[in-house]
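Enquirer: Take a look at this one; I'll ask things after.
The values are calculated or read from the model by the stated rules, or taken from the named source; none is laboratory data. Nothing here was measured: the structure is a model prediction, and the numbers come from that model. Here the Cβ positions follow ideal geometry from the backbone for every residue, glycine too, while neighbour counts run over all protein chains shown. Surface accessibility is based on the protein's heavy atoms, side chains included, excluding ligands, DNA and RNA. Shrake-Rupley method; radii C 1.70, N 1.55, O 1.52, S 1.80 Å.
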Amino acid sequence: MKTPTRNWLITGISRGLGRALAQAALARGDTVVGTSRSGSSDLPPSPRLHVLPLDLADPEQIRPLLKRAR
């Protein structure tokens, strides 16, 4: 039985746990909307990877990002 693909919103994909989660999700064929403060990532390019800028220390950035990620 085939596992359905999923969509992930992962913060902090530039390093650490966020990066590891993004790599694992992409490896299983899922789509990742990932965030980093700079809006960039050194993960290999993929049509299933969408990187957006987000600084979680600035609450004003969160709501617009969620609207954009939909």
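Enquirer: Using the heavy atoms of the protein chains and a 1.4 angstrom probe, tell me the accessible area per residue for the chain in square angstrom. Walk me through the numbers before you get to the answer.
Expert: Numbers: 5080 Å² over 70 residues.
Per-residue accessible area for the chain comes out at 73 Å².
Enquirer: For helix 16-27, what angle does its Cα long axis make with the longest principal axis of the chain, in degrees from 0 to 90 and rounded to 10?
Expert: Helix 16-27 sits roughly 40 degrees off the main axis of the chain.
Enquirer: Based on the alpha-carbon gyration tensor of the chain and its eigenvalue square roots a ≥ b ≥ c, which shape applies: rounded if a/c is under 1.5, prolate if not and a/b is larger than b/c, or oblate? Write out the running numbers ahead of the final one.
Expert: Numbers: a/c = 2.23, a/b = 1.57, b/c = 1.42.
Note, shape of the chain comes out prolate.
Enquirer: For the pair residue 3 and residue 61, what calculated FRET efficiency results from E = 1/(1 + (r/R0)^6), where r is the Cβ-Cβ distance and R0 = 25 Å, to the nearest 0.05?
Expert: Values: r = 33 Å, r/R0 = 1.31.
In this case the efficiency is close to 0.15.
Enquirer: Residue 28: net charge of surrounding residues, Cβ under 13 Å, Lys/Arg +1, Asp/Glu -1, itself excluded? Can you show the working numbers first?
Expert: Values: positive: 2, 6, 48; negative: 30.
Charge balance near residue 28 sits at +2.
Enquirer: Once the whole set of protein chains is in place, how much accessible area is left on residue 38, using a 1.4 Å probe, in Å² to the nearest 10?
Expert: For residue 38, the solvent-accessible surface is approximately 90 Å².
Enquirer: If I compute solvent accessible area with a 1.4 Å probe over the protein chains, what percent of it on the chain is carbon and sulfur? Mind showing how you got there, number by number?
Expert: Numbers: 2740 of 5080 Å².
In the chain, the share of accessible area belonging to carbon and sulfur is 54 percent.
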